[in-house]
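Report on the following structure.
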Amino acid sequence: MADATSVLHVSPVIPVVTIDDPQQAVPVARALADGGIRIIELTLRTDSALTSLKLIANEVPDILVGAGTILTPGQADAAVSAGAQFLVSPGVTPALLDHLLTLDVPVLPGVATVGEVMAVLESGLEAMKFFPAGPAGGPAYLAAIGAPIPHVQFCPTGGISLATAPDYLGLPNVSCVGGSWLAPRAAVETGDWQRITELARQASGLGA
């Protein structure tokens, strides 16, 4: 079992990135790193995601690469084999959580309710993904959770932007946020790496 608390302190924003073409994987990762972001959550939403993950792990050693959208134990194992250095799930079931706890990489299970937070906490993990952050209640909901359960640290993800990120980051139980705005699909598809670097630089400044 590896708690992901340390992962949450790498950057104020964890970019949540979906890549269709593996040839774009390394340039995206390097563009983020050039902007001061040293971590990436690559979603397993495409057939080639594991190939992209492996390329980043092998060719961009100065960035911490994780796999997101982990839905099954099999996906978790495949991601670790491809080089994932941490795992993120949008939600968690007892079977998935039990399996994640057997792995040697940090895991960030997704939660959206107080009951789910308590269930993950019982497993020994104190770092969690809060998803979908906006629809699930936003900063006010997380602040309310922090009253009875102050020792859990969250990475809220879903519906967050550069403008709204500070509302979350100002909470004592939020260490970072997840955001897809750092690598917009249009910028990835057109190879506008400078745009991604600029967005990463703005995001990294949120921790100042």
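Structure summary
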item: Segment 21-54: number of residues that are hydrophobic (A, V, I, L, M, F, W, C), closer than 14 Å to ARG201 by Cβ and either in contact with a Gly (Cβ under 8 Å, 6 or more places away or on another chain) or assigned to a loop (DSSP other than H, G, I, E, B) (or both); result: 1
item: Count of residues meeting criterion [under 25 Å from LEU100 (Cα atoms) and outside any loop (DSSP other than H, G, I, E, B)] in segment 55-64; result: 5
item: Test: ALA186 is among the aliphatic types (A, V, I, L, M), closer than 27 Å to ALA31 by Cα, surrounded by fewer than 20 Cβ atoms within 10 Å (Cβ to Cβ) and out of contact with any Phe, Trp or Tyr (no Cβ under 9 Å at 6 or more places or on another chain); result: yes
item: Which numbered condition ALA140 misses (of (1) in a loop (DSSP other than H, G, I, E, B); (2) surrounded by fewer than 18 Cβ atoms within 10 Å (Cβ to Cβ)); result: (1)
item: Any chance SER48 is among the polar types (S, T, N, Q) and closer than 22 Å to ILE196 by Cα; result: yes
item: Count of residues meeting criterion [in contact with a Ser or Thr (Cβ under 9 Å, 6 or more places away or on another chain), in a loop (DSSP other than H, G, I, E, B) and farther than 13 Å from HIS151 by Cα] in segment 103-133; result: 4
item: Extreme residue, nearest to the chain's Cα centre (by Cα), among residues of segment 44-53 that are in contact (Cβ under 8 Å) with a residue 12 or more places away in the chain and surrounded by fewer than 19 Cβ atoms within 10 Å (Cβ to Cβ); result: ARG45
item: Filtered residues of segment 153-208 (kept if modelled with pLDDT of 95 or more, farther than 26 Å from MET118 by Cα and of a type in the set (Asp, Glu)); result: ASP192, GLU198
item: Qualifying position, being assigned to a helix (DSSP H, G or I), touching a strand residue (DSSP E or B) at 6+ places or on another chain (Cβ under 6 Å), without any contact (Cβ under 8 Å) to a residue 60 or more places away in the chain and farther than 20 Å from ALA165 by Cα, among ALA84, ALA67, ALA76; result: ALA76
item: Residue in segment 190-208 that is farthest from ILE37 (Cα to Cα), counting only those that are of a type in the set (Val, Ile, Thr) and surrounded by 18 or more Cβ atoms within 10 Å (Cβ to Cβ); result: ILE196
item: Selected residue (only one of LEU121, LEU125 is in contact with an Asp or Glu (Cβ under 6 Å, 6 or more places away or on another chain) and either within 29 Å of GLY170 (Cβ to Cβ) or surrounded by fewer than 20 Cβ atoms within 10 Å (Cβ to Cβ) (or both)); result: LEU125
item: From the options ASP21, ASP47, residue that is of a type in the set (D, E, K, R) and in contact with a helix residue (DSSP H, G or I) (Cβ under 9 Å, 6 or more places away or on another chain); result: ASP21
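The values are calculated or read from the model by the stated rules, or taken from the named source; none is laboratory data. Owing to the predicted nature of the structure, the values given are computational and were not obtained by experimental measurement. Ideal geometry is used to build each Cβ from the backbone, glycine not excepted, and the neighbour counts take in all protein chains shown.
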